[in-house]
Every structure is written in structure tokens, then in C-alpha cells.
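Engineer: Attaching a single structure in C-alpha cells format; questions to follow.
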Amino acid sequence: MAKLLATAIIDSEGNFTLPERVREALQITGACDLAFELRDGEVVVSRTSSEHEDPAIRAYLALLDRDIRAGRNLQDLPESLVRSMLEGDKGDLDCDEDIEGDVAL
């Protein structure tokens with residue numbers, strides 16, 4: 001039998017917080033998907049492969065998650081930033097299209 005890492009309490013709505021030791025063991029640092037598998041009366045929890053394996057996208061989604069949890073939203077962005085973002089929206093974007101010219105990172 002596996003070693004017990006931690007315990008959690010499930011509330012009346014079926015919600016619980018994944019204990020810190022379990023998050024560390026699964027290397028969870030932000031939002032992610034989990035799989036629950038029933039094996040011989042025990043539940044095995046594992047991370048599932050994320051739709052966004054790109055580390056930059058994963059970090060951005062984690063940043064958004066933290067902002068949402070902190071009660072911030074897009075309406076709190078400075079008007080100049082919103083205007084700049086809207087001006088940059090040129091319609092459809094083909095992610096497979098080659099980039100022409102120099103790219104500065």
C-alpha cells in the first residue's frame with residue numbers, strides 16, 4: 001500500500017482543496033486538469049496532459065487564474081492598454097503562417 005501524504009475534507013457540495021504535499025508531489029503550480037482512477041477500492045490521482053503544453057501559455061493561464069482568484073478582471077485594465085490590444089487585433093490569425101522579417105523576443 002502507498003504511503004499516505006495528506007488528508008482533505010470534502011464539503012457538502014463535494015468540493016475540497018488538494019493538500020499542498022499532494023500538489024508538490026504532482027508538481028502542480030497553477031491550474032491544471034486531474035484524473036481520478038478507481039483501482040481496487042483506492043482512488044489514484046494524477047495530472048492529465050494539458051491542452052496547452054507550451055510553457056509560455058501555461059504560465060499565462062496560471063497568471064490569469066491568479067488574477068481571477070484575486071478578483072481582478074479585464075475591466076480593471078488601463079484604458080490605454082485595452083485600446084492598444086484592440087488596435088493590434090487585425091482579424092483572423094493563421095498560426096501556421098511563416099513569420100516574415102526579424103522577430104525580437
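Engineer: So which trypsin sites (Lys or Arg not before Pro) in segment 1-30 are both in a DSSP loop and have at most 12 other Cβ atoms within 10 Å of their Cβ? If you can, show how the numbers build up before the last one.
Structural biologist: Values: sites: Lys3, Arg21, Arg23; in loops: Lys3.
Hits after loop and neighbour filter: Lys3.
Engineer: Which net charge results for the neighbourhood of Phe36, defined as the other residues with beta-carbon distances under 13 angstrom from its beta-carbon, given Lys and Arg at +1 and Asp and Glu at -1?
Structural biologist: With Lys, Arg at +1 and Asp, Glu at -1, the net is -1.
Bear in mind that the values in this text are calculations on the coordinates, not laboratory data. Because the structure is predicted, anything quoted here is derived from the model rather than measured. Using ideal geometry, Cβ is built from the backbone for each residue, glycine included, and neighbour counts are taken over all protein chains shown.
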